[in-house]
Structures are given as structure tokens and as C-alpha cells.
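Accompanying notes for the structure given below.
The values are calculated or read from the model by the stated rules, or taken from the named source; none is laboratory data. Keep in mind that this is a model prediction, so the values were computed, not measured. When we count neighbours, we look across all protein chains shown, and the Cβ atoms used for this are built from the backbone with ideal geometry, even at glycine. Just so you know, the surface numbers come from the protein's heavy atoms only, side chains and all, with ligands and any DNA or RNA stripped out. Shrake-Rupley method; radii C 1.70, N 1.55, O 1.52, S 1.80 Å.
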Amino acid sequence: MIEIKPITGTVDAIVTVPGSKSYTNRALITAALADGESTITNALFSDDTKYMASSLNVLGIPIEEQQDVNKFIVHGKGGTIPARQANLFVGNAGTAMRFLTAMLTLGNGVYEIDGVTRMRQRPIQDLLDGLRQLGADVISKHNDGCPPVIIRGKGLNGGLAVVKGDLSSQYFSALLMTAPCAKKDVIIEVKGNLVSKRYVDMTVALMREFGVNVENNDYKTFFVKSGQHYKATHYEVEGDASAASYFFAAAAITGGKVRVVGIGSDSLQGDIHFVDVLKSMGCKVVIGSNWVEVLGNSLHGVDVDMGDMPDVVQTLAAVAVFAHGKTRVRNVKTMRIKETDRIAAVVNELRRMGISAVEYEDGFEIEPSPPRPAQIETYDDHRMAMSFALIGLRSTGISIKNPECVSKTFPDYFQRLEALRGGL
């Protein structure tokens, strides 16, 4: 357990955040499917990316790790899977579970992917159904629509897959990244509305960097022409917008100023738009090509649809505690199938601090008041730990249980947070 000491005065810092987890794991997959040696620089080294890299190594796709310089060297195998059998463990890394499940359909053998107890509760059936429509042999081992997953690889035929869009954009990213290696053209039709569209935009843009084009028809259908091949390349990962959100929030909460470098106006990451929410709450925001700066001010509550940036909702909850008036977060029911039920967890921990919070199916409402001392449960969820720690920057007696869970995406988070006291 770690107690967060309040900051006296305001924050004034320049921060560099780790590379994007979303881009790092996508780049590992596309580089593995390319033919030849690719380098991934400014890569994130965390639990999630290490699970991905170690799984690819087990599958016979060599990954060299140069952690001291945040670099992966990937020896891609041109869309083939050398291993004929593997039992993979990916912890609670949703991207690794979904992306590897699709990729392994290209192999010639039997593979099983499993994770922690929570991963066994996170749905994957819609992805399995989509892969089956493309000719894959994939099943939920316990027939409950969740991992572990068994893949009997025999290549992917291609064709049309119709997949529900309301649960996870990762299903679509998984299908798209594997699609160029199918025997025929692939059409993916979205049933209903697609959530978290920006993550699919990121996938499509990264595929283009590796030489593959995707036709996006207004997020209703996606078309991938057969016969395209990923090309080995050098790819530099931009800073992680989700990680940056905590430092933007620190500026908002303390009335200070934080500039995050390594991410800017050209970013496709949906979470970069968290600063727009802070602006609507009263902060000043300045954006350059490779940096974003937030200046805190008097805060007021907002009523906001966070459907395209669910990973920063917990960060917003921490800021809302110090705003004037209620904050209502909407359209984030997908948070219930993340590392924990994040809607319930946010409400529970706010109430633990004596703050009035109402839970809805698609979000929550917060009525701010001075937090009382509390020991915050993290539910083994890195974003619960990182976001609720922010409250301790202005309130005394806030302790975070199991702070080590931040290693999932941001291993040195608490050191970085502490460094805000003296600037960075």
C-alpha cells in the first residue's frame, strides 16, 4: 500500500510518458506477420507488452528486447506461425488475448490461450464468431464465450464476417490485422454501431505503415484485399495518451501547468481528447505537433459522452471530485468488461471517500464534496490505482492498495507522480 502525499502549491512540469500500449502491441503483431526484421522504438515495456512479446517468441517468431532503449526487434515470418503447438498465458492483457487469437488462425497446429481469473470472465465470443465466418476453427474451451480459447490453425479462408460493434473495438482490430493473410478478400460488416472507433483508426493507420491498406466504409464495413503483405519496417511508437491523461488531470486538480511531450495534434488516439473534456470543465489547453499543455483553473462539472475514450473515464472521475457541480458520464457500458467492472469500482471507491456517486448501466454521476481519508481498493486494475492516486494530490489520507498493479501499463507511475513535486 502507498499513501499519496498532497502537493502544496501548484504543479509546473514537463513530462514524457511511456510509449502507447495500444500501438506497441499492434506493432508487435503486424511486425510478426511481416517478412523480415522490423524495429519498434519508443515501445512500451510493461506486463501487457511483455505477454505479447513472450507469446510471439513461444510461437517461433523471435523478439529481441532492448528494454534500456525501449526497443523491440521483431524477426517476422511473413504470415506463418512456425510453432505447431503452444499453450500461451497472457495475464489480463485484452489486446494480447484478442489479437493473438485471430493471428493463430493462420497457423498449422493447435494452440490454447489463457489468462488470469478476470480474463476468463471477459467476453470473446463475438470475435470467435467472426473468425468462424472467415473459415477458422476456434472455440471457447469451457463453452462460456470467454477464454481460455482453443485455436485449431489451418489458415484463414476469408470472405464476409458480420460482427456486433457494441462490445469491443479490439475484435475488429484483431480481424483487420489478420485479414491480409487470408486466402481471399475479407469484408467485415459492423452490426449496429461501432464503439471506440478511434482504436480502429489507429489499427488501420498502423497497418498502412506496414504496407497494407484497409478500405473503411463509414465504420459500417471494412474491406481488406487479399494478397497484400506486411513489409518489415522501422516504427516509432508515439506517447501513450491514456498515460498522459493522469498528468493532465494533475494540472487540473492542482490548478497547475503540465506539458506532455511525445504526443500532439496529429495523434489518432481517442484518449488525446480527454483534454477537450478538461477544457470544457474550465482548463486552458494548448496543443502543438509533439506536445500538449494543460493549465488548471476553477473547475465545473460536465455531462459528457465518453464512448470513444473509455480508458480515461476513471481519470475524469478523479477530476470531477474537485469540480463545482455534478459530473455525469455516459455511454461507457463497455467499462464493465474491462480489467474489472470499472463503473461499479469507481462508484464504490468514491463512496468509500464519502463522495456521493450514482451508478447507471452506462456510466455514473458524481456530486463532489471534500474526500475523507480512505484506503482505495484497486481490484487489480491499473487504471483504478493511477486515477484515484490523483485525488491524494489535494486530499490527505488517500492510500492505494496493491499499487504494483500499475505494472500492467505504467511500471514507474508512482515515481513519475512523485516527481511532479519538483517538476520534471
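For region 119-254, report the accessible area per residue in Å² (1.4 Å probe, heavy atoms, rounded to an integer). Walk me through the intermediate numbers first.
Working: 4930 Å² over 136 residues.
Here the per-residue accessible area is 36 Å².
In whole Å, what are the Cα extents of region 76-179 along the three principal axes, biggest one first?
32, 29, 24
Starting from the Cα gyration tensor of region 175-230, take the square roots of the eigenvalues, sort them a ≥ b ≥ c, and report rounded, prolate or oblate (rounded when a/c is under 1.5, otherwise prolate if a/b is larger than b/c, else oblate).
oblate
Given a 1.4 Å probe and every protein chain left where it sits, what share in percent of the accessible area of region 295-419 is carbon and sulfur?
Heavy-atom surface of region 295-419 belonging to carbon and sulfur, 1.4 Å probe: 45 percent.
Just the ratio, please: alpha-carbon radius of gyration of region 358-424 over 2.2 N^0.38 Å, N its number of residues.
Relative to the 2.2 N^0.38 Å estimate, region 358-424 comes out at 1.22.
On the protein heavy atoms, probe 1.4 angstrom, tell me the percent of accessible surface of region 1-97 carried by carbon and sulfur.
Of all accessible area on region 1-97, carbon and sulfur atoms account for 46 percent.
In Å², what does the accessible area per residue of region 283-383 work out to with a 1.4 Å probe?
Values: 3860 Å² over 101 residues.
It amounts to 38 Å² per residue over region 283-383.
Per residue, how large is the accessible surface of region 1-112? Use a 1.4 angstrom probe and give square angstrom.
Heavy-atom SASA per residue in region 1-112 reads 34 Å².
Which value, in debye to the nearest 20, gives the size of the charge dipole of region 34-110 about its Cα centre, when Lys and Arg are +1 and Asp and Glu are -1 at the Cβ? Before the final figure, lay out the partial values.
On the way: 5 positive and 7 negative charges, 58 e Å.
Computed about the Cα centre, the dipole is about 280 debye.
Find the percent of Cα-Cα distances in the chain that exceed 26 Å, and round it to a whole number.
Across the chain, Cα pairs with separations above 26 Å total 53 percent.
Which trypsin sites (Lys or Arg not before Pro) in region 130-185 pass both tests, a DSSP loop state and at most 16 other beta-carbon atoms within 10 Å? All intermediate terms of the calculation are to be shown ahead of the outcome.
On the way: sites: R132, K141, R152, K154, K164, K183, K184; in loops: K141, K183, K184.
Counting only loop positions with at most 16 other Cβ atoms within 10 Å, the trypsin sites (Lys or Arg not before Pro) in region 130-185 are K141, K183, K184.
What net charge do the residues around K197 carry, taking every other residue with its C-beta under 11 Å from that of K197, with Lys and Arg at +1 and Asp and Glu at -1?
-2
From the cross-link list K183/K338; K197/K408; K5/K408; K21/K197; K164/K231; K257/K279, which pairs have alpha carbons spaced over 25 Å apart?
Where the Cα-Cα span goes over 25 Å, the pairs concerned are K183/K338; K164/K231.
Tell me the carbon and sulfur percent of the accessible area for region 157-196, rounded to whole percent, probe radius 1.4 Å.
50
What are the principal axis extents of the Cα atoms in region 274-384, in Å, biggest first?
36, 29, 23
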